[in-house]
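In what follows, a structure is listed as structure tokens, so that the remarks can point back to it.
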Amino acid sequence: MTTKSSLLKVILLGDGGVGKSSLMNRYVSNKFDSHLFHTIGVEFLNKELEVDGHTVTLQIWDTAGQERFRSLRTPFYRGSDCCLLTFSVEDNQSFLNLNNWKKEFAYYADVRDPEKFSFVVLGNKVDVAERQVSMEEAQRWCQENGGYPYFETSAKDATNVSAAFEEAVRCVLSSEDRAEHLLPTDTVDLRRKPRANGSCC
Ligand SMILES: Nc1nc2c(ncn2[C@@H]2O[C@H](COP(=O)(O)OP(=O)(O)OP(=O)(O)O)[C@@H](O)[C@H]2O)c(=O)[nH]1
Ligand SMILES: [Mg+2]
């Protein structure tokens with residue numbers, strides 16, 4: 001028996017230091033490191049999950065947010081099924097830069113219709129006491145710029161991290177042209193019992 005699993009590419013974009021690598025590490029390995037080095041270029045990790053009855057292999061691409069690494073990260077935007085626009089609630093400039101990140105992604109990913117593309121917005125570090133960005137202004141930005149889902153996350157205490165990535169999958173599965181996105185990959189269920197007559201096929 002084989003089960004169909006879809007391969008989805010999700011990319012994390014946002015200013016350096018907002019917590020993109022920490023969010024990916026928390027989601028994939030359930031770990032948090034308070035002294036992470038800045039990402040240079042891009043890294044990716046895979047995670048299998050089931051969302052609303054769909055088995056999905058999520059390929060999570062983490063990118064370097066620092067401006068000096070732009071040329072290293074932009075070649076990897078193409079082929080993304082969802083973009084997680086990430087800022088830190090303790091860094092107002094990272095919130096103001098969301099528009100630039102959306103434009104940079106749309107340009108280099110060569111997105112046909114940016115207004116219809118699956119963006120999800122993450123306001124990270126909500127565990128900190130000193131917020132510079134309120135939930136209301138972040139929700140207003142998401143409403144006014146495409147009606148994007150918004151999640152207040154903390155990679156440090158795991159608040160909303162799984163929910164945000166699962167929403168990214170739902171956004172893609174529900175998008176009308178999902179057929180182009182989903183690359184069905186046959187997986188064989190190794191637990192299956194050998195046939196009684198011993199034949200292999
Ligand atoms: N309090 C708190 N700190 C966080 C959180 N997420 C990340 N950090 C810290 O913020 C710093 C930057 O986190 P990174 O995950 O490296 O940020 P990044 O977005 O990957 O940065 P670049 O790789 O430069 O783009 C690290 O010291 C993290 O420990 C969070 O949710 N809460
Ligand atoms: Mg990083």
| note | The lone condition F44 fails out of (1) within 16 Å of ligand 2 (Cβ to nearest atom); (2) at positive phi; (3) free of Cβ contacts under 8 Å to residues at least 60 places away in the same chain is (2)
| Residue that is within 13 Å of ligand 1 (Cβ to nearest atom), surrounded by fewer than 20 Cβ atoms within 10 Å (Cβ to Cβ) and part of a helix (DSSP H, G or I), where the choices are F32, F69, F37 | F69
| query | In the range 113-136, how many are part of a loop (DSSP other than H, G, I, E, B) and within 16 Å of L13 (Cβ to Cβ)? | reply | 2
| query | Does D110 satisfy the criteria of being at positive phi and in a loop (DSSP other than H, G, I, E, B)? | reply | yes
| Within the set of pairs 6 or more residues apart or between chains, which connect a residue that is farther than 25 Å from V161 by Cα inside the range 108-120 to a residue that is surrounded by 19 or more Cβ atoms within 10 Å (Cβ to Cβ) with Cβ atoms less than 7 Å apart? | Y108/Y77; V111/F117
| said: Report every pair of residues separated by at least 6 positions or lying on different chains whose Cβ atoms are under 7 Å apart, first residue within the range 146-167 and at pLDDT 95 or above, second within 16 Å of ligand 2 (Cβ to nearest atom) and open to solvent by 30 Å² or more (accessible area, probe 1.4 Å). | reply: S154/K125; A155/R26; A155/F32; K156/F32; A158/R26; V161/R26
| field | Residues that are surrounded by 12 or more Cβ atoms within 10 Å (Cβ to Cβ), of a type outside the set (D, E) and not in a helix (DSSP H, G or I), drawn from the range 137-156 | value | N145, G146, Y148, P149, Y150, F151, T153, S154, A155, K156
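The values are calculated or read from the model by the stated rules, or taken from the named source; none is laboratory data. If you're wondering where the values come from, they're calculated on a predicted model, not measured in any experiment. For neighbour counting, all protein chains shown are included, and Cβ atoms are generated from backbone atoms with ideal geometry for every residue, glycine included. Just the protein is used for accessible areas: all its heavy atoms, side chains included, with ligands, DNA and RNA removed. Shrake-Rupley method; radii C 1.70, N 1.55, O 1.52, S 1.80 Å.
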